[in-house]
Amino acid sequence: METQNIVLDIKNHIATVTVNRPEKLNALNAETLTELYQVFKKLKQDNAVRVIILTGSGEKAFVAGADIEEIRRHDDISGRIFALRGQKIFRFIEKMEKPVIAAVNGYALGGGCELAMSCHLRIASEKAKFGQPEINLGLIPGYGGTQRLPRLIGRTRALFLLLTGEMIDAATALQFGLVNEVVAPERLMERVNEIAALLAKKPIIAVQYILQAVDQGLDLNLDAAMNLESELFGNICATEDMKEGTSAFLEKRKPEFKGK
Ligand code: COA
């Protein structure tokens, strides 16, 4: 697949997707967003890929937002379409049946923060900065920021960030629970690859069910969410991997999962 602004590298069941527009701090213009979607659709189909890492190219930015030059041209109708399009693509990433890890190497602002929040795990470099600065442009977030941020860090902190447009550093993002870990910039890709390698060895159906249970369950009431969990638990009990994992434990050996 030919892409201009997205670089894809696949090794040992791990795909690394790099947004590659460093001269614009990896800002997501329409073309980049389309390519991102094409790449994730391809990765969804690729059974050899078990874990996906998403990062930005260059020293400075993960993604510094949607492309402001493009946004400026929108009116009420095209603006709605713009938001729906980005939301659909980010939701596609969030609903991937394989873990997606954001390696946040620098600025994750606006659409960049929204993109990172659509990933399942976020590992940040000490240099990373997060924020939803749309308010300073006379805008509001349109790729899920007003919804995912309060869900991830709570309404109080989210409203502060959304209303002030202020950035937070990686240490604060960790304290807020916005990221899983913060590491030195030079360790970032090594650490993210370590986590990816760990996840790539897990039984894939269980991985898929955990992602599904958390994604769907969080927005259900507790009884409906428990119902979903028990249904998935029943399904997982019918897998060969469950028999293998439990037998291996009892036989004091390492399990060999087959993804069945
Ligand atoms: N959309 C379009 N272009 C962007 C961009 C965005 N979201 N973010 C950065 N760029 C461009 C700049 O216009 C500049 O282009 P130029 O060299 O052609 O002038 C280039 O990327 C480098 O950015 P610059 O602002 O010069 O870097 P900086 O180190 O001084 O500042 C930021 C870095 C991230 C603080 C600053 O670029 C910024 O505030 N970006 C916008 C963040 C934002 O509001 N995102 C939400 C968008 S809805």
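Overview of values
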| read-out | value |
| --- | --- |
| Counted residues, the stretch 1-21 - those being open to solvent by 60 Å² or more (accessible area, probe 1.4 Å) and within 19 Å of Tyr107 (Cβ to Cβ) | 1 |
| Number of the condition not met by Gly154 [criteria: (1) free of Cβ contacts under 8 Å to residues at least 60 places away in the same chain; (2) open to solvent by less than 70 Å² (accessible area, probe 1.4 Å); (3) within 22 Å of Glu256 (Cα to Cα)] | (3) |
| Residue in the stretch 163-177 that is crowded, with 16+ Cβ neighbours inside 10 Å and in contact with a helix residue (DSSP H, G or I) (Cβ under 6 Å, 6 or more places away or on another chain) present | yes |
| Residue that is most open to solvent (accessible area, probe 1.4 Å), among those in the stretch 32-61 that are farther than 14 Å from Gly111 by Cβ and within 16 Å of the ligand (Cβ to nearest atom) | Glu59 |
| Given (1) touching a helix residue (DSSP H, G or I) at 6+ places or on another chain (Cβ under 9 Å); (2) under 24 Å from Gln132 (Cα atoms), number of the condition Glu31 does not satisfy | (1) |
| Selection from the stretch 88-138 of residues that are open to solvent by 10 Å² or more (accessible area, probe 1.4 Å), away from the ligand (no atom under 14 Å from the Cβ) and of a type outside the set (A, V, I, L, M) | Lys88, Arg91, Phe92, Glu94, Lys95, Glu97, Lys98, Pro99, His120, Arg122, Glu126 |
| Listing of helices (runs of 4 or more DSSP H) fully contained in the stretch 65-120 that carry 2 or more residues being without any contact (Cβ under 8 Å) to a residue 60 or more places away in the chain and of a type in the set (Val, Ile, Thr) | 76-94 |
| Looking only at the stretch 203-226, and only at residues there that are out of contact with any Leu (no Cβ under 8 Å at 6 or more places or on another chain) and surrounded by 17 or more Cβ atoms within 10 Å (Cβ to Cβ), the one that is nearest to Leu121 (Cα to Cα) | Leu211 |
| Close pairs from the stretch 203-221: first outside any helix (DSSP H, G or I), partner open to solvent by less than 80 Å² (accessible area, probe 1.4 Å), Cβ under 6 Å, at least 6 apart | Pro203/Asp241; Pro203/Phe257 |
| Residue tally, condition open to solvent by 80 Å² or more (accessible area, probe 1.4 Å) and basic (Lys, Arg), over the stretch 188-202 | 2 |
| Pairs, first polar (S, T, N, Q) in the stretch 243-254, second not in a helix (DSSP H, G or I), C-beta under 9 Å, six or more apart | Thr246/Pro255; Ser247/Arg253; Ser247/Pro255 |
| Residues that are surrounded by 12 or more Cβ atoms within 10 Å (Cβ to Cβ) and outside any helix (DSSP H, G or I), drawn from the stretch 231-253 | Thr239 |
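The values are calculated or read from the model by the stated rules, or taken from the named source; none is laboratory data. All of these numbers come straight from a predicted model, not from anything done at the bench. For neighbour counting, all protein chains shown are included, and Cβ atoms are generated from backbone atoms with ideal geometry for every residue, glycine included. Note: accessible area is taken over every heavy atom of the protein model, side chains too, but ligands, DNA and RNA are not part of it. Shrake-Rupley method; radii C 1.70, N 1.55, O 1.52, S 1.80 Å.
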